[in-house]
Structure formats: C-alpha cells, structure tokens
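Colleague: Take a look at the following structure, please.
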Amino acid sequence: MLLLIGAFLVLMLVGVPVAVSMAVSSLLYLVFYGVAPDIIAAQRMIAGVESFPLLAVPFFIFAGNLMNIAGVTGRIYSFALALVGWMKGGLAQVNIIGSVVFAGMSGAALADAAGIGTIEIKAMRDHGYPVEAAVGVTAASSTLGPIFPPSLPFVIYGMMANVSIGALFMAGILPGVVMTALMMVTVAIFAHRRGWGSDTPFKLNRLAAASIEVAVVCCFPLAVYVLVQMGLSLNIAVGIALVVLIACDWYFDFSAVMALMTPIILIGGMTMGWFTPTEAAMAAVIWSLFLGLVRYRTMTLAALAKASFDTIETTASVLFIVTAASIFAWLLTVSQAAQLFSVFITSLTENKWVFLILVNILMLVVGCFLDTIAAITILVPILLPIVVLYGIDPVHFGLIMTLNLMIGLLHPPLGMVLFVLSRVAKLSVERTTMAILPWLVPLIVALILITFVPAITLWLPTQMGLIR
C-alpha cells in the first residue's frame, strides 16, 4: 500500500501527469507484489472504460465544442448583458448569468472558463474593471458548469456509484440556483464597496426583450401541457410547440432562446423517456449541429473538423485518466487501503455530520492535487460504502463531492481553471490565485448549505420520482 501511494505522490510532485502517475505506480505495485497476473490488470483497466454511461462523455464534450464554434457564446453574452448589465457591477453579473446559460450546454468548468470566460474577461477589462476582479468572478462562475445539468462529473459519478444520472442531473438544479444567488450577492457587495457602476444604461426595451426570451423558454413546457390537455398526444404536442418556437426564433432573431432551450430539451427528453441521460448527450450534439449549420449558419467544415479533433483529444485524455484511475482504485481495494480507511473514519465518529465535515476537508485537499475525473474514480469506491453506512443518500453525496472538486479546480498547486484563466488573462499564477481567493467565500457558503441541508439537493429529484 505504501509503495502504491508513495510512488504516486512522488511522481505527482515531480510533475508527471496524473494519469501516468497512477498507471506507473500501479505497475510498480504489481511488479513488486505480484498481487494479480498481468492479464487481470489489463482486464481491470479495460473494464474501467467499458461502460455505457461513459458514452455520454465524448458527446457532451463535442456538443460544448460545437456550441463554441457556432457563435452561441456571443449570443449568450449579449442576452446576459441586456438582462443584468444595467445593475451595479453589471458585467460581473453578466459573467455569472452567462455561465449559468453556458452550463446548460457544456457541463464542464474548463469549457466555461476557456469559452465564454474569454469573452467576459476581455469585456470587463475593456470597461475598466481590474483584471483581478474579472478573473475572480470568471473562476467562481465557471464552477456552475458541472452543477447545472448536463454535467460530465455527474456522468462519471453515476457510473462509479451506480446511481441514476437523471437523478443527479435534477439534483444539481437547486444547488446551482443557490450558488448563482450567492455569487450575485457577492458581486453586489463588491460593487458597493469598490464603487462599481452599471456598464450599460438602463433601457426598458432591452430588459423587456431579454425577459421575453426567458418567458418564451418558460412557456414551452406550458404550451406542451396545454396541447396535451386539448387531446393531442405528447409527441405531437412537443413537435408542434418546437416548430412554433423555431419559427418565432427565426422571425424575431432572439439572442439566446435556442441556447436556453438546450437544458429544457435534454431534461424534458429524459423525463418523458425519449432518451436516457447517456443518449441525451447525442441529442445535445444534434441540437448543436442544427444551431450551427441550419439556424445560425456560422459553422464551417473547417471549424467542424477542428471541433471534432479537439473532442477526440479531450476524450482520449479523460478516458486515459479513467483507465489509470480504475486500476489504481482496484489496487487500493486489493491492498486493504480502502478497508483500513473505512475503519479509521468510523472509529473517529459515529455522527454522519462530523463525517461529512471530515470528507469535505479531505476532498477540498484532494481537489488541489487530482483531476476531477481521477478523484471521482478513485474516491467513490473508497467512500461510498462509508456513505451508505452512515445513511447518507448517494445522490446528495454526489453533489457534495462534485462541488468540493470544483472548488479544488480554483486553487494551487494543480487547479486547472487557475492555470487556464492565468493564461487567458495574461496574469502570473500568484496574482491569479490572490484574485480568486475572495470568490471562494460564496462557494464555501454554498458547500456548507448543500452539505447540511440535504433538501436543497434531494427535493427536486424526489418530487419527480427519480429517488425515494
């Protein structure tokens, strides 16, 4: 056990990529202790990625890339600017609202930071905001990507914990709303203390136009319900409502209605049984292609090819991490490390709330060093039996784990969002770190609320019959 963990930590400290570190340390352990034949080790690695839910990963990544090249990010920014740009600290509020909308398409914090985050940082800098303020709010808002559905970490967690991915998607909505509200309050406090004004003049017609777009999206499920009550079948009702919506969008040229419809289509399709959460990823790709090739006509073959190759590269990286983490987690179990950890934790406390405090601290530390996918793949087999023992709902724990690991992306030594934003804003890592620190406060408050008020997470999936 010491060889396995020690070799992994040493390799990480000298800068070896996390997947390679896990694979090499696992290989060393197998060679020295011979706990299993080579063929068994190979089978365990293959079994780690031989999962139907994992098919969602490349398609969600592809959908996010397609949305970026289709010019949807610019439309989202324009919509958010019209909706909240007139407030004090307007562009900071725009940053948060833009991330909420983008979260419904990408499901990844890095995609948010590198996609719409690039536009938002430039706009805030051009309007006179300190670059540190722009980086801080962009970093905090990027954590919304994996909380609102769809979410890549939820897909991985659902696969590892054998939990309904649909339930996890639904469970992320209210926590995402809570996080959004806390971030917007934080912006208001900063605006008051630092004298940030509004960035666009208040124009009733612009606010009304943005509000109408929100109303149009909200009316879509209501229109479907009314048509069903009139005697039409559900499929026909959805088809009619969707055709009318697309026609209205084409005629009025809304800024973000089609982008806002992405989570509605995915969640609605899963709720009505049209597709599983895994198949929803393919639906997201089809919707993205429709927007880029048909609705907006901004997608070229060259851009489509680039998005495809970027997806292949990112997917290969993710699956390599899952493969290496699978054999690493299996060896932790074989070496009794998981069992020893379980005995140690249960000997410390019998109170589940104390356990959750300890686990939050553990995952915040782990999130500093490990990639999110690797952390989920390694920690779930170790922690889930203890979670069940304490009577904690696995869906609730999935939200806690994901938010902890998202916070881990923001701070050193290995926070990936930290390095992405440092490069985008052309700031040193040290200055970027200091810029992000104040924005950890609303995230920690959200983490405390989500941890100790399970209803925030569990109410919606329970009401929809996804969990009992």
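Values in this text are rule-based calculations from the coordinates and carry no lab data. Just so you know, these numbers come straight off a predicted model, no measurement behind them. All Cβ positions, even for glycine, are placed from backbone atoms using ideal geometry, and neighbour counts span all protein chains on display.
Colleague: Answer rounded, prolate or oblate for segment 225-356, using the Cα gyration tensor with square roots of eigenvalues a ≥ b ≥ c: rounded when a/c is under 1.5, else prolate when a/b is larger than b/c, else oblate.
Modeller: Oblate is the answer for segment 225-356, as a/c is 1.5 or above yet b/c matches or exceeds a/b.
Colleague: Given a Förster distance of 22 Å, report the FRET efficiency between VAL388 and VAL16 from their Cβ-Cβ distance, rounded to the nearest 0.05. Could the numbers behind the result be given before it?
Modeller: Values: r = 34 Å, r/R0 = 1.55.
The formula returns an efficiency of 0.05 here.
Colleague: Between PHE309 and GLU50, what FRET efficiency follows from the Cβ-Cβ distance if R0 is 22 Å, with the result rounded to 0.05?
Modeller: After rounding, the FRET efficiency stands at 0.35.
Colleague: Here's something else I'd like to know. When you count, for each residue, the other Cβ atoms within 10 Å and take the mean per peptide, how do 194-202, 345-353 rank with the highest first?
Modeller: Details: 194-202: 14.3, 345-353: 12.3.
In decreasing order of mean packing, 194-202, 345-353 become 194-202, 345-353.
Colleague: Still on this structure, I have one more. Between ASP253 and ILE357, what FRET efficiency follows from the Cβ-Cβ distance if R0 is 60 Å, with the result rounded to 0.05?
Modeller: On the way: r = 51 Å, r/R0 = 0.85.
That pair, ASP253 with ILE357, gives E of 0.75.
Colleague: Still on this structure, I have one more. How do MET261, MET464, MET401 line up, fewest other C-beta atoms within 10 Å first?
Modeller: Listed from fewest to most nearby Cβ atoms, that is MET464, MET261, MET401.
Colleague: Assuming 0.36 nm per residue, please report the length gained on full extension of the stretch LEU437 to SER198 beyond their Cα-Cα distance.
Modeller: Length difference between fully extended and current span is 83.6 nm.
Colleague: May I ask for the Rg/Rh ratio of segment 413-462, computed from Cα atoms with Rh as the Kirkwood radius, given to two decimals?
Modeller: Answer for segment 413-462: 1.20.
Colleague: Let me ask something additional. According to the square roots a ≥ b ≥ c of the eigenvalues of the Cα gyration tensor, what is the shape class of segment 153-246, taking rounded for a/c under 1.5, prolate for a/b larger than b/c otherwise, and oblate for the remainder?
Modeller: Working: a/c = 3.69, a/b = 1.26, b/c = 2.92.
Since a/c reaches 1.5 but b/c is at least a/b, the shape of segment 153-246 is classed as oblate.
Colleague: Further, regarding this structure: Percent relative contact order of the chain, based on C-alpha pairs within less than 8 angstrom and at least six residues apart?
Modeller: Reported as a whole number, the value is 26 percent.
Colleague: A follow-up question, please. Please give the calculated 222 nm ellipticity per residue for the chain, where each DSSP H segment of at least 4 residues contributes -39500 (n - 2.57) and the sum is spread over every residue; nearest 500 deg cm²/dmol?
Modeller: Counting only the DSSP helices, I get -25000 deg cm²/dmol.
Colleague: Sticking with this structure for a sec: Between ILE246 and THR349, what is the spin-label point distance in nm, taking each point 7 Å from the Cα along the Cα→C-beta axis?
Modeller: Placing both labels 7 Å along Cα→Cβ, they lie 5.3 nm apart.
Colleague: Separate question: Order 171-178, 432-439 from most to least packed using the mean count of other Cβ atoms within 10 Å. Don't jump to the answer; show the numbers that get you there.
Modeller: Numbers: 171-178: 22.8, 432-439: 20.0.
Ranking the peptides 171-178, 432-439 by packing returns 171-178, 432-439.
Colleague: Give the order of HIS192, HIS411, HIS127, HIS396 when sorted by the count of other beta carbons within 10 angstrom, beginning with the fewest.
Modeller: Lowest to highest Cβ neighbour count: HIS192, HIS127, HIS411, HIS396.
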